[in-house]
Amino acid sequence: MATQERAAAIVGIHEWPKRLDPGVSALQIKAQSIGRALEDAGLAWKDVDGIYDAGDGEGGGGLGLAPYLGLKPRVIDTTSVGGTSYEFHAAHAMRDIAAGRVNVAVLSYGSKAASQRIPIGTGGPRSGGTWQTNMESPYGVTLIANYAMVAHRHMHEYGTTSEQLAEISTATRAHAMRNPDAVQGMKDLSFADIREITVADVLDSRVIADPLHLLECCMVSDGGGAVIIASKDVVKGTKKKPVWLLGSGEATAYKTNNNDITSSAAVQSAPQAFGQAGVTPAEIDIAMIYDSFTITVAVMLEDLGFCKKGEVGDYISGGRLRWDTPGGPALNTDGGGLSSNHPGMRGIFLLLESARQLRGESTSQVAGAKLAVAHGNGGLLGATHAGGTIIMAAD
Amino acid sequence: MPNRIQPAFPEHDTQAFWDGAKAGELRYQTCDACSGVVFTPRSHCTECGSTKLTTRVSKGAGTVYTYSVVRQNRSPAFADLGAYAVAYIDLDEGFRMLSGITGVSDPTKEVKIGMRVQVEFEPQDSGDIPIPVFRPA
Ligand SMILES: [Zn+2]
């Protein structure tokens, strides 16, 4: 059982309900989400003394966001490591709170990726001359192709199949169908056929980049949200049950001349987080893992220690990842990036749904959920990426 | 001719590599201090930090480490290509390079992990720098 001292907790959350929202700016999503999350916590606007921001939205970053919000925080952290920036922010808030520098930390996200029609996965390579782009741009490696190359190698080395990976898509869609905001989002984004899907549906969907099919790829949506993290002294006066932060890990991974492409930054970040928390993967009830693509989840289940490298195909068979299958873990019970929302940087939603589960508020509530792991991925799996792991516990 | 995106300059790390491509050479670096192989090009060794590097010319022979066949790319440079293969190639001299696979009629069937490939320099409509790609050896 968890041994870590309980010094900081998530005390307020808000997720922007709309997945297509042309009537607001990304900064408005952030500011309004912060207000709702503070209300959820029973805290006031001026209680905030730490801002953690990934620089998203129109002119964000700590320097842009503080004056927009009208706040003068004592700590500003503008760590920007792609989609897992929010796990890094939570890790830094834990440290800053433990050091007595912050009492009420705020993390926020806003994005208009759907209404601005940003082609995240199939956009062309960025032009310009850097040490990386000059070696990559001539080859037309789309974002998806990076993940697809990981999937091919995983299949080659371990015999993993598309049928096995499809279990990740079917589980998250089943969870999404239980989440009214996700269902409405799929309607607003004009999904063709909004229902639970089968393994055959996934394999019958068109290939985007071999071996990944359309239904193995996350959507592009609008969205955002906010998370309030507070010190244990502040927790005493808040409205909802706190969700304690027990452990964190941060890492990067990148292509070298001989790296194993089937291993991610989680190999480094997960032992740090689980070790600090005093928790093992077998104890985890809720696994919120960045599902940009099926292969992302598959690799990270292995790297987080839920199963051995190469064994994820068997591990996830038989519906293990579904919310109502005993023995868990339950994966992405909000519907995930595959079927709920993906505005570009999904890391904050991993914290939000973890908190809902550990409060007992999820639309696919796992009975008696005590422990959750949120693991995010920023950048490109198989190439340069960051991994952030956060372990959380119910009160 | 293909219309791949050209590298852009000034860029100090990759200039020599692309000068090599113009000369029909696939260049890589080794470290004089620790004998490490450095790729992609830099001015320091990623193993020991030394700046004493020697630029060498690869024989251009390697093995496909992994690959994907891109079916959809909205970039104008690639939108008209049809399905095309991208891959990591492990060169025999000990460096891994991102590249494309050419010389196959159906990349979804003919490209395999572990297949042997050989570099060739593909002229481009998009500019005067030929792009090193690989075809089955
Ligand atoms: Zn060296």
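Okay, residues lined up against (1) within 23 Å of residue A:395 (Cβ to Cβ); (2) under 10 Å from the mean Cα position of the chain (by Cα); (3) in a loop (DSSP other than H, G, I, E, B):
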site	(1), (2), (3)
A:338	no, no, no
A:342	no, yes, yes
A:350	yes, yes, no
A:358	yes, no, no
A:366	yes, no, yes
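Checked across the range A:182-191, the condition of being in a helix (DSSP H, G or I), within 14 Å of chain B (Cβ to nearest Cβ) and basic (Lys, Arg) holds for no residue. Quick one: count up the residues across the range B:3-40 that are within 14 Å of the ligand (Cβ to nearest atom) and within 8 Å of chain A (Cβ to nearest Cβ). Residues meeting the conditions: 2.
Within the range A:254-292, the residues that satisfy the criterion of being within 14 Å of chain B (Cβ to nearest Cβ) and either touching a residue at least 12 places away in the same chain (Cβ under 8 Å) or surrounded by fewer than 18 Cβ atoms within 10 Å (Cβ to Cβ) (or both) are A:254, A:255, A:256, A:258, A:259, A:260, A:261, A:262, A:263.
Can you find a residue in the range B:47-58 that is touching a residue at least 40 places away in the same chain (Cβ under 8 Å), over 19 Å from residue A:141 (Cβ atoms) and within 16 Å of the ligand (Cβ to nearest atom)? No, because not a single residue in the range B:47-58 is touching a residue at least 40 places away in the same chain (Cβ under 8 Å), over 19 Å from residue A:141 (Cβ atoms) and within 16 Å of the ligand (Cβ to nearest atom).
Out of everything in the range A:202-242 that is among the hydrophobic types (A, V, I, L, M, F, W, C) and in a loop (DSSP other than H, G, I, E, B), what residue ends up being nearest to the other protein chains (Cβ to nearest Cβ)? First the steps, then the outcome.
Taking the range A:202-242 as the starting set, the residues that turn out to be among the hydrophobic types (A, V, I, L, M, F, W, C) are A:202-203, A:207-209, A:212, A:214-215, A:217-220, A:226-230, A:234-235.
Going one step further and asking which of them are in a loop (DSSP other than H, G, I, E, B), we end up with A:218-220.
Details: A:218: 15, A:219: 15, A:220: 12 Å.
For the range A:202-242, the residue satisfying everything is A:220.
Looking only at the range B:1-60, residues that are touching a helix residue (DSSP H, G or I) at 6+ places or on another chain (Cβ under 9 Å), in a loop (DSSP other than H, G, I, E, B) and charged (D, E, K, R) come to 4 in all. For the range B:61-77, the tally of residues that are facing chain A (nearest Cβ under 7 Å), assigned to a strand (DSSP E or B) and not hydroxyl-bearing (Ser, Thr, Tyr) stands at 2. Checking B:37, B:69 one by one, the residue that is β-branched (Val, Ile, Thr), buried (at least 19 other Cβ atoms within 10 Å of the Cβ), within 19 Å of the chain's Cα centre (by Cα) and more than 30 Å from residue A:208 (Cβ to Cβ) is B:37 and no other.
Can you tell me which residues in the range A:133-163 are surrounded by fewer than 21 Cβ atoms within 10 Å (Cβ to Cβ), more than 7 Å from every other protein chain (Cβ to nearest Cβ) and modelled with pLDDT of 95 or more? Of everything in the range A:133-163, those that are surrounded by fewer than 21 Cβ atoms within 10 Å (Cβ to Cβ), more than 7 Å from every other protein chain (Cβ to nearest Cβ) and modelled with pLDDT of 95 or more turn out to be A:155, A:157, A:158, A:159, A:161, A:162, A:163.
The values are calculated or read from the model by the stated rules, or taken from the named source; none is laboratory data. The model shown is predicted, which means the values in this text are computed figures rather than measured ones. For neighbour counting, all protein chains shown are included, and Cβ atoms are generated from backbone atoms with ideal geometry for every residue, glycine included.
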